[in-house]
Amino acid sequence: METPKVFESEYRFCLILWEHEPVSSTELVRLCAERLGWKKSTTYTVIKRLSERGVLKTENAVVTSLVSRDEVQRAESREFLDRTFGGSLPQFLTAFTGHAKLKEEEIEALQKLIDESRRG
């Protein structure tokens, strides 16, 4: 199943949800007003929209996510990589690092990822 698209303001909402879930819709309204400056109607609109897209569910006024933070980040990263670099991770890394010299820890972390990918 494909991860549903989560837009920027929705992602900020999801960060709050993931931090507090399961959480009552009333508490979400309070948190979104406090952290995002949203009105009650905005929060309920986002809850409805994300529920329709399968990102979250509401039962008895308690909101829980159906999609994890990792899943959303992975889908967004893949979309960015595909759109901007034709899906090429090496092209992305070249552009990202530019002429900056990588730290030894960064090189080791990348090498570990490569090694793990080779092993499957």
Phi-derived 3J(HN,Hα) across the range 11-19 with the Karplus relation (6.51, -1.76, 1.60, θ = phi - 60°), rounded Hz, x for Gly and Pro, is 4, 4, 4, 4, 4, 5, 4, 4, 6
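Can you tell me the convex hull volume per residue for the chain, based on C-alpha atoms, in Å³ to the nearest whole number?
Measuring per residue, one finds 158 Å³ for the Cα hull of the chain.
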If amide hydrogens are placed 1.01 Å from N in the peptide plane, which non-local residues have theirs closer than 5 Å to the one on residue 38?
33
Tally of Lys pairs whose C-alpha atoms are under 27 Å apart, taken over the chain, 8 or more apart or cross-chain
11
Can you report the principal axis dimensions of the range 8-69 using only the alpha carbons, biggest first, rounded to whole angstrom?
26, 25, 20
When the helix-only estimate is applied to the chain (DSSP H runs of n ≥ 4, each -39,500 (n - 2.57), divided by the residue count), what is the mean residue ellipticity at 222 nm, nearest 500 deg cm²/dmol?
-21500 deg cm²/dmol
Phi to ³J(HN,Hα) by Karplus 6.51 cos²θ - 1.76 cosθ + 1.60 over the range 106-120, Hz, x for Gly, Pro:
5, 4, 5, 5, 5, 5, 4, 4, 4, 4, 5, 5, 5, 6, x
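Coordinate-derived values only; no laboratory data. Keep in mind it's a predicted model, so treat the numbers as computed, not measured.
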